[in-house]
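The values are calculated or read from the model by the stated rules, or taken from the named source; none is laboratory data. What you are looking at is a predicted structure, and each value in this text was computed from that prediction instead of being measured. Ideal geometry is used to build each Cβ from the backbone, glycine not excepted, and the neighbour counts take in all protein chains shown. These area figures cover heavy atoms from the full protein model, side chains too; ligands, DNA and RNA do not enter into them. Shrake-Rupley method; radii C 1.70, N 1.55, O 1.52, S 1.80 Å.
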Amino acid sequence: MLEELGSLSKKELIKRAKKFSKRYYVGDGKKFKLKDYASKPKMNLGPEDELLVKEALEIGVEALAALQDILYAQDRWSLLVIFQAMDAAGKDGAIKHVMSGINPQGCQVSSFKVPSQEELDHDFLWRCQKHLPERGRIGIFNRSYYEEVLVVRVHETILNAQKLPSKLVTKDIWEDRFKDIRNFEKYLARNGTVVIKIFLNVSKDEQKKRFIERVDDPDKNWKFSVGDVKERGHWDQYMEAYEDMIQNTSTEESPWYVIPADNKSYARIAVASAIIHALDQMELEYPKVSKEKIEELQGVKKALLEEKNEK
Ligand code: ATP
Ligand code: MG
């Protein structure tokens, strides 16, 4: 299947990418169950497939870059791609590889870590709002306001430190946050920002393997923090929180994609496909130039051609 990709037209590639992304598209999340989505890709990829996978990703990135060029030129829509995952699922690598072919002027990446005191003095969407992509741009969020229903839900102490008036902290707080997030994304959609959300679904076993690699490889030591192992201890609570979050915030307009992340290369191709799918739905086209403008351009060309060479 992969060998054929090199000779395909852009249109055909986009069609295939869209079809591929559908495997991981949740759409309306009401019936979502995490157990229906695997961490391992169905396709069995061995080391001998490495070159083919690399080529497929390159071609995918090229198709994505072509769409982004039109997004930028048209300057009407914007796309926000949110990445959420457990540690070592490959968020950073996926972002780096998938966006590698893109015009850097048209793309911005924002990472959201533990909130600062200033950020805690505001509502939870405030810090993310400041980083929303402008029209014509793709914005990437490496973690996001979804942490508010993940890490904050798993650790009560974080919620308690959020300086919310106690009257507002009730058993309905997660439902309320889901509602706020849905409304926020609806608001963005109505203003021309399409939001898609990607959950890199890594298995607990694969995470263990990657953590050990981070300890064994001196070049990866910097990526490892002891706190990550502590979070791993809350794995089941996180999975429950992810499932509930996706059930409550995946919509056709602003879908979650649950991507198998145990194979990094495969995950990157799936991510590129999801972004291609979202861009393609915008029905992008280069701005049309008026007849008068075309005539004017032709006049300029003629003048340039007739220009006498300056000695
Ligand atoms: P890396 O791959 O480098 O580890 P990372 O995204 O895990 O990248 P870290 O600095 O290790 O970056 O971790 C950021 C931490 O901030 C995560 O543990 C995340 O859960 C936490 N965090 C993000 N948003 C919030 C929030 N709103 N409240 C509390 N903690 C948050
Ligand atoms: Mg981390």
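Can you give the Rg to Rh ratio for the chain, taking only C-alpha atoms and Rh from Kirkwood? If you can, show how the numbers build up before the last one.
Details: Rg = 22.2 Å, Rh = 21.3 Å.
Rg/Rh: 1.04.
Give me the accessible area per residue for the chain, probe 1.4 Å, as a whole number in Å². Mind showing how you got there, number by number?
Values: 17890 Å² over 311 residues.
That works out to 58 Å² per residue.
If packing is taken as the average number of other Cβ atoms within 10 Å across a peptide's residues, how do 218-224, 143-149 rank, most packed first?
Working: 218-224: 11.3, 143-149: 21.7.
Ranking the peptides 218-224, 143-149 by packing returns 143-149, 218-224.
Quick one: Debye curve from the C-alpha atoms of region 122-214, no solvent, what's log10 I(q)/I(0) at q = 0.18, 0.20, 0.21 Å⁻¹?
Each listed q corresponds, in turn, to -0.99, -1.09, -1.14.
Normalised by the residues of region 203-311, what does the relative contact order come to in percent, with Cα pairs under 8 Å and at least six apart?
On the way: 23 pairs, mean separation 16.0, N = 109.
Relative contact order comes out at 15 percent.
For a quick check: with amide H placed at 1.01 Å from N, whose amide H comes under 5 Å from T193's, ignoring anything fewer than 5 positions away on the same chain?
Correct list: S78.
How much of the accessible area of the chain, probe 1.4 Å, is carbon plus sulfur, in whole percent?
Values: 9140 of 17890 Å².
So the carbon and sulfur contribution to the accessible surface is 51 percent.
Express the relative contact order of region 2-306 as a whole percentage, based on alpha carbon pairs under 8 Å and six or more residues apart in sequence. Working shown, then result.
Details: 416 pairs, mean separation 109.2, N = 305.
Normalised by residue count, the contact order of region 2-306 is 36 percent.
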